[in-house]
Ligand SMILES: Cc1cc2nc3c(=O)[nH]c(=O)nc-3n(C[C@H](O)[C@H](O)[C@H](O)COP(=O)(O)OP(=O)(O)OC[C@H]3O[C@@H](n4cnc5c(N)ncnc54)[C@H](O)[C@@H]3O)c2cc1C
Ligand code: SF4
């Protein structure tokens, strides 16, 4: 592994080692670029991961202080935990389920397709599906996504069997074990899935793609990567020219260091990325870095979500095998006749007993609650995930008083559901329940959103400087050597799980940066 | 039924395990689930009557008729640890039990089940109630005894996953076709 000097201003500094940052680091290293990858979390491994929901939660989750406000139910149920994402080398890709879907063509231009919608800050992406297709193909190959590149699908587990039986009876046509970045065959030096069912807990077998097991080791093999775990970036510095010059970070002992940089790429996930830009305000950039549009921290999206669990006379044992074992895509189109714009996916999801207790009906107690828990082994479950409306008033902002362990203002996550989100959730609950009813369910349990796992849009890309924070390559409009490299770039959310797109954008960004560097533009 | 200090002669002291006894040994799940004579909870901060009241309060908040007291005792254990670490928590719990007793005219534990419920229901949402509920929603369901009771199988890694142990053994619905759900990979 490389070791660069703090004063070395030839390195590219990447903040965050998750889907965006970890991928970008590898792509740049493969091109010979010198990279310092700063990651706030510790370096775990397949060996240190545990098959235990709460222990794992304590091991990899981002648990630094955060607050929430607004009328969303998460704000009430999980006020101090608005998002369920990671602080560990590999970021939330250690946690993710692996569902890897391309955004649909029309979802890149929703302002054009959906028209003006009250309260929604819609905008077309500055790129099209066609622009992204070659990168999607590269990402799918890199991640070993099933049902692409000739890779067979995964076998469905019991939870999927229930979904499939119901979907088929209901007349849905698109239900299968989906496109998943989990090895159905040994591939790329990693084993195939042994159906542990602890995909959210780091996947001890290594079958699941993550930047921890795939991108970062490859980047290290180039000799170009200087990975520094437990390095929490507090501020991005700039010079008189306005260009960024480096970052200040706190190490494991809390000691602060300044790492110089040729360019800085921010990939801290959509809460930390704008927090860092806002916290880096200076005399020259009073509203925070790259914020001449005022859009840093705005338009926070988290996908329309909800879950349906159902109980049956016969056992299901839904926890056995892949957490996201299959998908129904029939509702992912845009059909305003349903009473909302945009679409949603239905994906199997299983929780272990400990998490089921925590999430089934947060705050509930008494006989009604325990009667549901008694059905645990006879339950099937699905997660509903759809496009939510970007709203300027949904924001990440710096808390006026609260500070974290490094003295940095904590982020406040403000969110209100848009009426379109609510209409879509109601429809999705109805259809999810119908799927299970068709499979013979005794009872359906409609479960409110979990803390946000898909955090998007807070530094969105836009064609015009005034509408967003960065361009189609994630380069900020205001500062040419400052890049946004994670899901914060999303102009709108689309119905699909976001990670494949984050990875594709990172590959594309690496090409762009390498070109800019060779042209000495940055 | 609510004696936290049951026959001590069978206890095996296991470090790190507050519920001590044959319960904590790994002699098979079912024997572990019939522990009523062979476990005890050692409290460090709260006294026994408080512990017993908290156990019964938890039974009202999360009633599972056939779930053994030993599992509920995990919640009391965690409340005791919290009380030992923070005097404010100790006071909250002690005062809360006093309120329960007052509501039942002196001895809440001695009241019948319905009466107990009426008293505790009135406290729903208050800080004392939420402390128990918030602790119990984790502790009650986060131990191997509870997992055995509810049928959850816990750690799959040590058994090599479910690939050959029933991940797709459901027989009461038709199997999906192979294009929707291809066969599993096998090396043979
Ligand atoms: C339970 C769960 C299931 C999911 N399932 C799916 C799925 O099936 N499909 C899908 O597409 N997506 C899924 N996701 C979402 C997916 O994990 C995220 O979309 C993706 O990981 C986001 O990538 P990112 O690069 O934006 O951020 P992350 O992957 O979260 O990485 C951000 C990293 O930055 C670090 N960081 C933040 N701030 C700083 C700082 N100031 N200094 C240093 N480091 C910092 C963090 O510690 C973290 O490691 C799931 C997420 C969760 C939690
Ligand atoms: S089910 Fe497959 S992907 Fe999930 S943890 Fe197990 S081996 Fe990993």
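None of the figures in this text is laboratory data; all of them are computed from the coordinates on show. Because the structure is predicted, anything quoted here is derived from the model rather than measured. Here the Cβ is made from the backbone with ideal geometry for all residues, glycine too, and neighbour counts use every protein chain on show.
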CD proxy at 222 nm, helix term only [per DSSP H run n ≥ 4: -39500 (n - 2.57); per residue of the protein assembly as shown; nearest 500]:
-9000 deg cm²/dmol
Evaluate the relative contact order of chain A (contact order divided by residue number), counting alpha-carbon pairs under 8 angstrom at least 6 apart; express in whole percent.
24 percent
For residue A:286 and residue B:86, what does the FRET efficiency come to when R0 = 41 Å and r is the distance between their Cβ atoms, rounded to the nearest 0.05?
0.45
Using alpha-carbon coordinates alone, the radius of gyration and Dmax of the protein assembly as shown in Å work out to 26.2, 84
Highest-first arrangement of A:404-414, B:120-130, A:456-466, where packing means the average Cβ count within 10 Å:
A:456-466, A:404-414, B:120-130
Please find the FRET efficiency linking residue A:442 to residue B:175, where r is the Cβ-Cβ separation and R0 is fixed at 30 Å, and quote it to the nearest 0.05.
0.85
Peptide-level mean, for A:86-97, of C-beta atoms on other protein chains within 10 Å:
0
Peptide B:134-143 - average C-beta neighbours from other chains (10 Å radius):
5
To the nearest 10 degrees, how steep is helix A:269-279 against the longest Cα principal axis of chain A, on a 0 to 90 scale?
30 degrees
Rough spin-label spacing in nm, given labels placed 7 Å along Cα→Cβ, for residue B:113 and residue A:130:
7.0 nm
Average partner chain C-beta neighbours within 10 Å, per residue of A:175-188?
2
The stretch A:66-113, relative contact order [Cα under 8 Å, separation at least 6], %:
22 percent
Chain A: angle of helix A:419-438 to the longest principal axis, Cα-based, in degrees nearest 10
40 degrees
Ranked from highest to lowest mean number of other Cβ atoms within 10 Å per residue, what is the order of the peptides A:7-16, A:333-342, A:252-261?
A:7-16, A:333-342, A:252-261
Peptides ranked, highest mean first, by Cβ atoms within 10 Å: ranges A:116-125, A:178-187:
A:178-187, A:116-125
Label-point separation (nm) for residue A:258 and residue A:55, each offset 7 Å from Cα along Cα-to-Cβ?
4.4 nm
In Å and whole numbers, how far do the C-alpha atoms of the stretch A:162-242 stretch along each principal axis, longest first?
65, 32, 20
Return, ordered by residue number, the residues of the stretch A:81-124 whose backbone nitrogen is under 15 Å from a label point located 7 Å along Cα→Cβ of residue A:42.
A:87-91
How far is helix A:158-170 tilted off the main Cα axis of chain A, in degrees rounded to 10, range 0 to 90?
70 degrees
